[in-house]
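K.L.:
Here it is, the structure in full.
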Amino acid sequence: MSSSAQHPYAIAMWDFSWLERRWPGAGYEDWNVALGQLAHRGYNAVRIDAYPHLISADAHRTWRLEPMWTQTSWGAQSPLSVTVLPSLIEFIRAARRYGIVVALSTWYRDGAARTRETIVTPADQARIWRDTLRRIEAAGLLDSILYVDLCNEFPQQRWAAYTAGRPESQVSKTEPSLVAWMRESIAELRNDYPTLAFTYSFHTEFDRWQELDVGMLDLLEVHTWMAGADDDRYNKAVGYGFERFAPIGFDNLARNGRREYEANRETYDALLFADIDRIADWSRAARLPVHTTEGWAVVDYKDWPGLDWDWILDLNARAVEYVASKGRWTGIATSNFCGPQFVGMWREVEWHQQLTTRITSAPLDEDLLVDSATADW
């Protein structure tokens with residue numbers, strides 16, 4: 001969409017939960033209620049999974065999806081069935097009623113059909129997104145799209161199946177083949193939709209930003225945490241290993257997480273703030289705005305015995321304040337837990353309102369203000 005915003009968007013990340021968590025009490029069973037609550041907390045943007053591979057294959061088919069995990073609260077913890085259209089159109093239309101623009105992304109959710117495995121070339125990736133955007137355009141909602149993130153946290157194998165075959169630690173987005181993948185897929189889409197902003201989101205290798213060609217991107221969508229992906233010392237100290245189907249990780253986080261952070265707060269804060277500084281430097285060098293929809297404390301958390309939210313809220317608030325002072329972020333999240341299923345955070349209405357007020361009044365650097373008159377971000 002064409003933006004003339006003079007301040008950042010306050011953006012939430014609702015991933016695939018917006019469609020998959022619709023049973024009673026799951027948080028998204030009534031989009032008007034959930035979006036109304038989001039707007040009341042001061043947010044004016046939301047990033048969701050558009051399921052482009054499923055729309056392209058058969059938009060109205062009922063797809064059976066396998067759980068991504070049983071231990072975290074994004075999406076469903078059991079197999080379930082979803083039909084993407086007309087739900088996606090209805091959600092975007094509902095968001096518009098509340099003054100909320102929508103960033104589209106995808107985690108390439110899959111089931112027995114293995115639909116995402118049909119993506120084997122950059123042209124395939126462009127095709128599925130083209131098919132999705134045409135549906136949105138036909139509904140008259142293209143101007144509600146903030147930007148399109150072609151793949152969540154590229155090139156993580158869990159989402160980008162086309163990078164499979166090697167351990168994730170051996171796959172770098174700086175590889176010429178992956179840079180070419182980004183360039184070619186975006187170029188095809190830009191031919192059809194020159195007024196839309198396109199990107200790939202990242203969550204690692206911020207210390208190598210000078211090696212990565214991002215000339216094909218319209219914005220940097222980056223995710224960073226104190227318990228980050230590049231420096232894993234916090235998770236190792238706590239004993240959290242991103243266990244998706246066993247509770248031991250959350251048991252360790254409950255036992256050790258807060259104590260470890262508070263005992264070494266300056267060290268861990270410095271890790272996060274150093275990443276933020278690197279991203280700001282990257283943004284200035286590339287002359288690209290930044291969106292962060294996932295951050296700032298720990299990667300995984302939930303309402304669970306022994307997991308208190310107060311220290312998470314405090315660290316996230318300080319991170320948001322620091323990011324807002326940089327002038328490079330045109331979209332700022334308060335957390336990747338900013339959704340109704342995370343009750344301990346969602347109920348803190350005043351906390352959200354204070355931070356979204358800070359975000360939506362933060363100044364932007366002059367080069368981003370100049371670009372905002374013509375850029376699509």
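K.L.:
Between ARG183, ARG127, ARG208, which is at pLDDT below 95 and either out of contact with any Leu (no Cβ under 6 Å at 6 or more places or on another chain) or at positive phi (or both)?
P.N.:
Exactly one residue qualifies, and that residue is ARG208.
K.L.:
I would also like to ask the following. Mind listing whichever residues of segment 244-253 are among the hydrophobic types (A, V, I, L, M, F, W, C) and open to solvent by 30 Å² or more (accessible area, probe 1.4 Å)?
P.N.:
Within segment 244-253, PHE245, ALA246, ILE248 meet the criteria.
K.L.:
Right, here's the next one. Taking the condition open to solvent by less than 20 Å² (accessible area, probe 1.4 Å) and in contact with a Phe, Trp or Tyr (Cβ under 6 Å, 6 or more places away or on another chain), does LEU315 pass?
P.N.:
no
K.L.:
Still on this structure: When SER87 is evaluated against the numbered criteria (1) closer than 24 Å to LEU219 by Cβ; (2) open to solvent by 10 Å² or more (accessible area, probe 1.4 Å); (3) among the small types (Gly, Ala, Ser), which criterion, by number, is the only one it fails?
P.N.:
(1)
K.L.:
What are the residues in segment 128-137 that are in contact with a helix residue (DSSP H, G or I) (Cβ under 9 Å, 6 or more places away or on another chain) and either without any contact (Cβ under 8 Å) to a residue 40 or more places away in the chain or open to solvent by 10 Å² or more (accessible area, probe 1.4 Å) (or both), if any?
P.N.:
Those that are in contact with a helix residue (DSSP H, G or I) (Cβ under 9 Å, 6 or more places away or on another chain) and either without any contact (Cβ under 8 Å) to a residue 40 or more places away in the chain or open to solvent by 10 Å² or more (accessible area, probe 1.4 Å) (or both): ARG130, ASP131, ARG134, ARG135.
K.L.:
Just one of (1) open to solvent by 50 Å² or more (accessible area, probe 1.4 Å); (2) under 24 Å from PHE154 (Cβ atoms); (3) modelled with pLDDT of 95 or more trips up PRO79, so point out which.
P.N.:
Every listed condition holds for PRO79 apart from (2).
K.L.:
Now for a separate question. Within segment 14-23, restricting attention to residues that are of a type in the set (A, V, I, L, M, F, W, C) and open to solvent by 10 Å² or more (accessible area, probe 1.4 Å), which residue is farthest from ALA45 (Cα to Cα)?
P.N.:
Per the stated criteria, the residue is TRP23.
K.L.:
Let me ask another. Being open to solvent by less than 60 Å² (accessible area, probe 1.4 Å) and either among the aliphatic types (A, V, I, L, M) or over 19 Å from the mean Cα position of the chain (by Cα) (or both): is that true of ALA324 here?
P.N.:
Against the criterion (open to solvent by less than 60 Å² (accessible area, probe 1.4 Å) and either among the aliphatic types (A, V, I, L, M) or over 19 Å from the mean Cα position of the chain (by Cα) (or both)), ALA324 qualifies.
K.L.:
Got at least one residue in segment 261-268 being crowded, with 18+ Cβ neighbours inside 10 Å and either among the hydroxyl-bearing types (Ser, Thr, Tyr) or touching a Ser or Thr at 6+ places or on another chain (Cβ under 7 Å) (or both)?
P.N.:
Looking for residues that are crowded, with 18+ Cβ neighbours inside 10 Å and either among the hydroxyl-bearing types (Ser, Thr, Tyr) or touching a Ser or Thr at 6+ places or on another chain (Cβ under 7 Å) (or both), one finds at least one in segment 261-268, hence yes.
K.L.:
Here are the criteria: (1) more than 20 Å from SER144 (Cβ to Cβ); (2) part of a strand (DSSP E or B); (3) of a type in the set (Lys, Arg). Tell me which single one ARG22 does not satisfy.
P.N.:
Against the list (1) more than 20 Å from SER144 (Cβ to Cβ); (2) part of a strand (DSSP E or B); (3) of a type in the set (Lys, Arg), ARG22 comes up short only on (2).
K.L.:
Does ALA123 qualify as being surrounded by fewer than 22 Cβ atoms within 10 Å (Cβ to Cβ), of a type in the set (A, V, I, L, M, F, W, C) and in a helix (DSSP H, G or I)?
P.N.:
Yes.
K.L.:
Next up: Where residues in segment 193-243 are in contact with a Ser or Thr (Cβ under 8 Å, 6 or more places away or on another chain), outside any loop (DSSP other than H, G, I, E, B) and free of Cβ contacts under 8 Å to residues at least 60 places away in the same chain, which of them is least open to solvent (accessible area, probe 1.4 Å)?
P.N.:
Per the criteria, the residue is ARG208.
K.L.:
Just the residues that are open to solvent by less than 20 Å² (accessible area, probe 1.4 Å), under 25 Å from ILE332 (Cβ atoms) and not in a loop (DSSP other than H, G, I, E, B), please, taken from segment 37-70.
P.N.:
Answer for segment 37-70, where residues must be open to solvent by less than 20 Å² (accessible area, probe 1.4 Å), under 25 Å from ILE332 (Cβ atoms) and not in a loop (DSSP other than H, G, I, E, B): LEU38, ALA45, VAL46, ARG47, ILE48, ASP49.
K.L.:
Regarding segment 273-292, can at least one residue be identified that is surrounded by fewer than 18 Cβ atoms within 10 Å (Cβ to Cβ), without any contact (Cβ under 8 Å) to a residue 60 or more places away in the chain and within 20 Å of the chain's Cα centre (by Cα)?
P.N.:
Checked against the condition, which is being surrounded by fewer than 18 Cβ atoms within 10 Å (Cβ to Cβ), without any contact (Cβ under 8 Å) to a residue 60 or more places away in the chain and within 20 Å of the chain's Cα centre (by Cα), segment 273-292 yields at least one hit.
A quick yes/no check of all residues on (1) touching a strand residue (DSSP E or B) at 6+ places or on another chain (Cβ under 6 Å); (2) not in a loop (DSSP other than H, G, I, E, B):
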{"position": "LEU85", "(1), (2)": "no, no"}
{"position": "LEU88", "(1), (2)": "no, yes"}
{"position": "ILE92", "(1), (2)": "yes, yes"}
{"position": "ALA103", "(1), (2)": "yes, yes"}
{"position": "TYR108", "(1), (2)": "no, no"}
{"position": "GLY111", "(1), (2)": "yes, no"}
{"position": "ILE128", "(1), (2)": "no, yes"}
{"position": "THR132", "(1), (2)": "no, yes"}
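The values are calculated or read from the model by the stated rules, or taken from the named source; none is laboratory data. Fair warning: this is a prediction, and the values are worked out from it, not measured in the lab. Neighbour counts are summed over all protein chains in view; Cβ atoms, including those assigned to glycine, are modelled from backbone coordinates with ideal geometry. Each accessible area value is taken on the protein alone, full model and side chains, heavy atoms only, with ligands, DNA and RNA left out. Shrake-Rupley method; radii C 1.70, N 1.55, O 1.52, S 1.80 Å.
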